[in-house]
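Below is one structure, written out as structure tokens; the observations come after it.
The values are calculated or read from the model by the stated rules, or taken from the named source; none is laboratory data. Being a predicted model, the structure only gives us computed values, none of them experimental. Because the Cβ atoms are built from the backbone with ideal geometry, glycine has one as well, and the counts that use them run over all protein chains shown. Note: areas computed on protein heavy atoms with side chains; ligands, DNA, RNA excluded. Shrake-Rupley method; radii C 1.70, N 1.55, O 1.52, S 1.80 Å.
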Amino acid sequence: MDAPAETAPQGIHITPGTNTGRPRKLYIESYGCQMNFSDSEIVASILQKEGFDTTTDESQADVIFLNTCSIREKAEQTVRNRLTQIHNLKKKNPGLIVGVLGCMAERLKTALLEEEQIVDLVAGPDAYRDLPRLLGEADQGTRAVNTFLSREETYADIAPVRLHSNGVTAFISIMRGCDNMCTFCVVPFTRGRERSRDPHSIVAEATDLFQKGYREVTLLGQNVDSYAWSPEENNKAFMQKKGIYPQVNFAGLLEMVAKISPELRVRFSTSHPKDITDEVLFTMARYPNICKYIHLPVQSGSSRILELMNRGYTREWYLKKIERIREILGEDCGLSSDMIAGFCTETEEDHQATLSLMDEVMFDFSYMFYYSERPGTPAAKKLKDDVPLEIKKHRLNQIIQKQNEHSRRRNEADVGKIFEVLIEGESRRSADYLQGRNSANKVVVFPRKNFTKGQYVQVRITDCTSATLFGESV
Ligand code: SAH
Ligand code: SF4
Ligand code: F3S
């Protein structure tokens with residue numbers, strides 16, 4: 001059987017070039033989730049001050065950074081393959097400095113220097129302020145490492161350089177780390193304890209983006225519903241221990257950002273089924289500019305597996321949440337999920353429960369994976385990765401097929417409806433067409449006419465595929 005393509009939310013982002021005459025050139029390639037892509041913008045910002053322009057041409061670079069991901073084994077293998085290619089560049093240019101940043105740096109720490117001989121610098125996600133010093137050491141020929149994880153660092157005061165941007169939509173990191181300990185997941189180990197960023201700095205960043213012409217911000221965190229900030233202390237565990245009630249919770253933050261302007265759309269990711277509250281749903285309902293779309297990863301439809309995953313909810317709890325979302329926000333609210341096929345001890349019956357949950361919910365979209373054991377996680381320590389690879393892949397294929405079918409049906413149900421679309425730019429197929437998204441996060445393609453990006457336009461949907469809606473402006 002062919003290996004199915006994992007529908008990972010991943011890609012490789014190469015940070016675009018800047019050319020301001022700074023003396024050194026930095027090339028950054030980012031893997032993994034949006035958090036990593038956002039972090040690369042912080043890294044570029046820190047190094048601009050150190051005399052670096054960014055370049056998209058690795059052969060021109062004085063410094064190459066790979067901002068890495070550890071979520072699945074495949075993600076790490078991709079980076080190792082890249083390091084082998086970069087080795088050849090270094091043979092031609094011995095002065096080249098190669099740094100590994102992000103989650104793989106954090107997971108492997110100094111071991112990375114032993115395993116990958118060409119790496120000069122290793123910096124974990126909370127160590128980017130230290131990059132100038134680390135680069136100084138690497139310049140002197142010393143291999144430099146900082147993988148210290150912080151309880152406070154949120155980079156709140158560093159204005160990211162928005163190099164990837166279409167000028168219309170942007171991501172704002174509102175918290176870092178994760179305290180959840182889902183048994184399969186490496187993130188709590190690579191990103192450390194959860195901490196929330198000062199809401200005023202978030203509002204200031206969003207306001208600045210709006211003034212620069214941006215029309216949509218996505219608030220980012222591994223579990224946005226546990227956002228909690230208080231002026232005395234921004235560490236949630238500490239707040240709970242001290243009995244300090246958070247002055248701003250996620251619903252409060254959403255409202256603060258939504259109030260910047262009715263012309264600024266607000267999105268967020270990721271929500272956790274155990275933590276999303278009615279207060280958040282009612283806040284979404286109150287503000288038309290908070291997009292009606294929730295990414296609510298379920299992972300599995302079997303309560304037994306969810307328990308082994310330590311997700312903190314059952315199948316029934318999850319289905320009740322979906323019901324509540326549709327009650328408060330209506331049937332048109334976009335819903336998407338993440339799925340893991342073949343987690344430890346998963347039986348055919350558990351797998352069928354996942355498929356039947358999908359039938360009940362009818363997600364618009366999902367990211368789907370087969371389980372990849374990560375060293376050091378609770379599952380790796382306590383559970384047996386006992387589902388054979390062939391079965392994992394087979395189950396994943398069934399999940400992907402079902403999702404494709406559901407995506408198509410959910411899109412077909414939109415034909416004939418009129419949506420407000422924020423234009424993000426030209427359609428990838430043709431310059432005669434523009435594309436944007438509706439509130440539910442669906443991509444809508446329509447004839448260009450005299451519209452330009454950054455505008456809102458009403459579009460009547462006339463046709464669709466499982467991935468895209470097509471329509472005419474009205
Ligand atoms: N904080 C988010 C998820 C972050 S990781 C949340 O809680 O939903 C993104 C997705 O990767 C997860 O939702 C999960 O579906 C998948 N994932 C995480 N660890 C994995 C592993 N070891 N094997 C396969 N998929 C995994
Ligand atoms: Fe990982 Fe769970 Fe935290 Fe998401 S909530 S990052 S899956 S530990
Ligand atoms: Fe990967 Fe780290 Fe994000 S493991 S998914 S880059 S938080």
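Mind checking which residues of segment 196-229 are in contact with a Phe, Trp or Tyr (Cβ under 7 Å, 6 or more places away or on another chain) and more than 12 Å from ligand 3 (Cβ to nearest atom)?
Once the filter is applied, which keeps residues that are in contact with a Phe, Trp or Tyr (Cβ under 7 Å, 6 or more places away or on another chain) and more than 12 Å from ligand 3 (Cβ to nearest atom), segment 196-229 yields S196, D198, P199, T218, L219, V224, D225, Y227.
All but one of (1) buried (at least 19 other Cβ atoms within 10 Å of the Cβ); (2) touching a Lys or Arg at 6+ places or on another chain (Cβ under 8 Å) hold for G32, so report the exception by its number.
G32 satisfies every listed condition except (2).
Among residues belonging to segment 151-201 that are among the hydrophobic types (A, V, I, L, M, F, W, C), within 16 Å of ligand 2 (Cβ to nearest atom) and not in a loop (DSSP other than H, G, I, E, B), point out the one that is farthest from R428 (Cα to Cα).
F189
Just to be sure I understand, how many residues within segment 304-331 are without any contact (Cβ under 8 Å) to a residue 40 or more places away in the chain and within 17 Å of H351 (Cα to Cα)?
So the answer is 4.
If you check L96, L112, L101, L121, which single one turns out to be hydrophobic (A, V, I, L, M, F, W, C) and more than 28 Å from G376 (Cβ to Cβ)?
Of L96, L112, L101, L121, the one residue that is hydrophobic (A, V, I, L, M, F, W, C) and more than 28 Å from G376 (Cβ to Cβ) is L96.
Take the conditions at positive phi, charged (D, E, K, R), more than 12 Å from ligand 3 (Cβ to nearest atom) and out of contact with any Cys (no Cβ under 6 Å at 6 or more places or on another chain) and apply them to K92. Does it pass?
no
Give me a count of the residues in segment 247-269 that are under 20 Å from the mean Cα position of the chain (by Cα) and in a strand (DSSP E or B).
So the count comes out to 5.
Residue-wise test of (1) more than 17 Å from M368 (Cβ to Cβ); (2) in contact with a Gly (Cβ under 8 Å, 6 or more places away or on another chain); (3) away from ligand 1 (no atom under 16 Å from the Cβ); (4) of a type outside the set (A, V, I, L, M).
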residue: I276; (1), (2), (3), (4): yes, no, no, no
residue: Y287; (1), (2), (3), (4): yes, no, yes, yes
residue: H295; (1), (2), (3), (4): no, no, no, yes
residue: G301; (1), (2), (3), (4): no, no, no, yes
residue: M309; (1), (2), (3), (4): no, no, no, no
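Do we find a residue being under 17 Å from the mean Cα position of the chain (by Cα) and under 20 Å from S38 (Cβ atoms) anywhere in segment 208-216?
Yes, the conditions are met somewhere in segment 208-216.
Pick from R176, R162, R193: which is within 16 Å of ligand 3 (Cβ to nearest atom) and surrounded by fewer than 22 Cβ atoms within 10 Å (Cβ to Cβ)?
R193
Determine which single condition T169 fails, assuming it passes every other condition in (1) open to solvent by 20 Å² or more (accessible area, probe 1.4 Å); (2) over 17 Å from the mean Cα position of the chain (by Cα).
(2)
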